[in-house]
Amino acid sequence: MSFLGISGMLYSGASLAQSRIVVAEDSNVFTSMISKRLDELFGIKVDICRNFTDLQDAYETSSQPVALAISNINLPGAENGEALDYLLDLSIPTIVFTSSFQQKVRDQILAKDIVDYIIKDNVFAVEMLAEAVCRFLTNERHHVLIVDDSPTARALLSTRLKRYNFRVSVADSGAKALQILNANPDIGLMVTDYNMPDIDGFELTRRIRSTIGSHALRIIGVSSSTDRLLSARFLKAGGNDFMLRPFIDEEFYCRVNQNLDTLVQIRNARTPAMAG
């Protein structure tokens with residue numbers, strides 16, 4: 001089963017029906033819309049929790065793991081965000097679906113390592129939510145390589161990507177990255193630092209492009225440098241995107257998604273039988 005997302009991507013919802021999704025929301029209108037749409041698109045039967053007690057019971061009375069939670073910030077019995085904290089304390093990936101999202105609240109929520117947030121302030125909100133659900137549940141199909149000589153930077157990027165349900169490999173040098181790519185042809189995206197002691201990001205990208213084109217591997221360069229010319233140089237070396245640190249999680253996730261969407265579209269165009 002496939003559907004065209006708000007982003008214009010054609011998503012396949014095949015094999016998602018067994019995913020357990022909990023919806024923590026007290027609005028009858030939105031719970032009805034969400035449950036109906038996820039059932040129509042993916043055959044997913046959601047667990048609806050209209051208050052904090054329902055949410056606790058849903059987790060404690062079932063042995064099936066929760067693949068993803070969709071939660072309002074506040075619920076009856078948890079008017080100060082306790083429901084969201086409860087889900088995150090259990091390490092349950094969570095998409096926040098809320099109508100109230102001022103700047104202060106946004107900063108507090110994003111600091112809690114949620115997967116994403118959708119504001120229910122327009123007629124497309126449920127469609128955007130369905131796309132976010134499908135993207136998260138299918139991200140595990142994508143293998144991403146992180147290349148950085150800094151252990152801290154590698155750990156940070158790895159944590160971010162794993163939060164979004166990607167499969168992740170890491171390399172502490174350009175030479176190690178080449179070895180990993182050679183052993184794992186399923187890697188579709190590489191995120192590489194520019195400044196590395198053995199092979200810098202430019203040279204690494206040039207070497208990769210001598211054997212692997214953009215149709216098979218997307219490359220995002222990152223750097224803490226203040227040199228604004230780095231992005232142009234990296235793109236000319238064969239990179240597909242470039243980001244200057246520090247960057248916020250939302251931007252990083254969007255850049256990753258855009259590059260992987262492009263990769264999927266190219267693969268489908270080159271192999272029509274694989275589309276859908």
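Before moving on, here are some points about what is shown:
- Residue exposure sequence - E251, E40 - by fewest surrounding Cβ within 10 Å: E251, E40
- Counted charge near E60, where neighbours are those whose Cβ lies closer than 15 Å (Asp, Glu -1; Lys, Arg +1): -3
- Long pairs among K104/K162; K36/K120; K36/K104; K45/K162; K176/K236, criterion Cα-Cα beyond 28 Å: K36/K104
- Cα-based shape type of the range 2-138, given that a ≥ b ≥ c are square roots of the gyration tensor eigenvalues and the cut on a/c is 1.5: oblate
- Kirkwood-based shape ratio for the chain, expressed as Rg/Rh from alpha carbons: 1.00
- Whether the range 156-215 is rounded, prolate or oblate, judged on the alpha carbon gyration tensor where a/c under 1.5 counts as rounded: oblate
- Anisotropy class of the range 142-274 from Cα gyration tensor, a/c 1.5 cut: rounded
- For the pair Q258 and R141, the difference between a 0.36 nm per residue extended length and the Cα-Cα distance amounts to 40.6 nm.
- Between S224 and R167, full extension at 0.36 nm per residue minus the direct alpha carbon distance yields a gain of 18.0 nm.
Where a number appears in this text, it was derived from the coordinates with a stated rule and is not lab data. Keep in mind that what you see is a predicted model, and the values were worked out from it rather than measured. For neighbour counting, all protein chains shown are included, and Cβ atoms are generated from backbone atoms with ideal geometry for every residue, glycine included.
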